[in-house]
Amino acid sequence: MDTQIITEFKRYQRNSLKDASISWWDLHKGTKVGFRRPPLGITLRGETITVKRLLSVFGKDPSLNKKITHVMSAIKNPIKLRLSFPIDLNNLAYVHLYALMISEGSKRSEFAIHVPELEFHQLFRESIKDLLGADFADSIREGSHAGVGRSRASCLVRYLVPLPQHIPHLVMANKEYAREYLRVAFEAEGSAILNLQNHKRYIKLSRNIDVTPLLKGKLNYPIGQRIFFGQFKKEHPNLAINLLKLLPELLYGECLLLNYHFGIRTKLNLENIRINKTNLRAGKISAKWVLYIYADSIDRFIEELGFISERKNHILQEMKSITPRKQKFSSFDIITRISQNGTFRSLDFEKEMRKLGYKSPRAYLSRYIKAGLIRNIRRGVYSITCMSTRRLFP
């Protein structure tokens, strides 16, 4: 395996959530919890006590985990929900729920999904039941909005299921967890594109990132219109270089999982930006990044992962009718492979490029200098200046 991938994988892991359990103090301070027998040193006023009061008396005392028997839901007519602490996250229930919610979920003021796919609503219920217990699954409210199914769990679940934008350590470290995570993620946000007439096939996964802090007040584009990156780069070359640095950590982690665990090579492209006009995100500027899987890596995807739905898996089976080609090895891939501490020698680059049949390697160096991705620091030695692009494995 490419040492650059191993290095980047380990770097990503170091920044991942490592806690694999949830304790009582992770709940909102206003949450009410109950005991079979109240702990010594405190008197209950009724059947429950708030987390805030427990913290003021006991601090983050782990011994209380085993003594709490239930929590009270925070709805108009609160109900008792049995719950055992600590909650172990090192299981497939959390992996499935995390992958589903990070892709399709609403988690600010509720814990819900609003999607047409019935299999996602079933996965939502089953994962909550396996992770938190039958009471939490039975309290899920099901309905529809604008003709699309909606499942809403108790808002308490927001504090019991961590949803970081950086893929958790337990998913990164476990190949089977990685497999299940990626299957849900690709089912939710991925597509299989097949054109038998032109013998074209590819798989893609899209993620958006908020770039408002970088671009607010600097653009004059119509609200709601997608501006493709090629046009944006011509009109705002300096902003484009900075925009490339804002790669979604979630999508980059998915790129690493595919490559590290399953040998699936990917390409990451910044596709477009858009000034949103919806009520929730009105005025916010988002950038859409897309992960692409091409060539023989598609066959690896079919063998190792696949989708959840029959419809998408049927497309994958049709893809087998197209003879796979070997994926091209890009020039920037070579730069990332031969670089040490972000620098590389032009002689090493030219040598590797000529092995692959490239006739004018220096032309690529000039191209990357103009794009602001590398710079010449001394004769024959270059440094990579756009670190996020260095991590793309383009």
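The values are calculated or read from the model by the stated rules, or taken from the named source; none is laboratory data. The structure displayed is predicted, hence computed values, not measured ones. Heads up, the Cβs are rebuilt from the backbone with ideal geometry, glycines too, and the neighbour counts pull from every protein chain shown.
Taken over segment 162-187, the criterion of being in contact with a strand residue (DSSP E or B) (Cβ under 8 Å, 6 or more places away or on another chain) and surrounded by fewer than 23 Cβ atoms within 10 Å (Cβ to Cβ) is satisfied by P162, L163. Inside segment 1-39, residues that are closer than 23 Å to R158 by Cβ and charged (D, E, K, R) make up a count of 5.
The residue list I275, I193, I223 contains one member that is buried (at least 18 other Cβ atoms within 10 Å of the Cβ) and either touching an Asp or Glu at 6+ places or on another chain (Cβ under 9 Å) or farther than 28 Å from N91 by Cα (or both), which is I275.
Restricting L81, L40, L55, L44 to those that are surrounded by 17 or more Cβ atoms within 10 Å (Cβ to Cβ) and not assigned by TED's automatic domain parsing to the domain that holds T336 reduces the list to L81. Among the residues of segment 347-357, is there at least one that is touching a strand residue (DSSP E or B) at 6+ places or on another chain (Cβ under 6 Å), farther than 15 Å from I241 by Cβ and at pLDDT 80 or above? Within segment 347-357, not a single residue is touching a strand residue (DSSP E or B) at 6+ places or on another chain (Cβ under 6 Å), farther than 15 Å from I241 by Cβ and at pLDDT 80 or above. Taken over segment 28-37, the residue count meeting the criterion of being over 20 Å from S84 (Cβ atoms) and surrounded by 11 or more Cβ atoms within 10 Å (Cβ to Cβ) is 1. Every residue in segment 311-338 that is of a type in the set (G, A, S) and modelled with pLDDT under 85, please. Those that are of a type in the set (G, A, S) and modelled with pLDDT under 85: S330, S331.
Remark: pairs (first residue in segment 35-63, modelled with pLDDT under 85; second residue surrounded by fewer than 11 Cβ atoms within 10 Å (Cβ to Cβ); Cβ separation under 8 Å; 6+ apart in sequence or on different chains) are absent.
Is it true that some residue in segment 96-114 is exposed (fewer than 15 other Cβ atoms within 10 Å of the Cβ) and within 20 Å of E180 (Cα to Cα)? For segment 96-114, residues exposed (fewer than 15 other Cβ atoms within 10 Å of the Cβ) and within 20 Å of E180 (Cα to Cα): absent. Has segment 77-98 got at least one residue that is more than 21 Å from the chain's Cα centre (by Cα), in a loop (DSSP other than H, G, I, E, B), closer than 26 Å to H166 by Cβ and among the aromatic types (F, W, Y)? Yes: segment 77-98 contains one or more residues that are more than 21 Å from the chain's Cα centre (by Cα), in a loop (DSSP other than H, G, I, E, B), closer than 26 Å to H166 by Cβ and among the aromatic types (F, W, Y).
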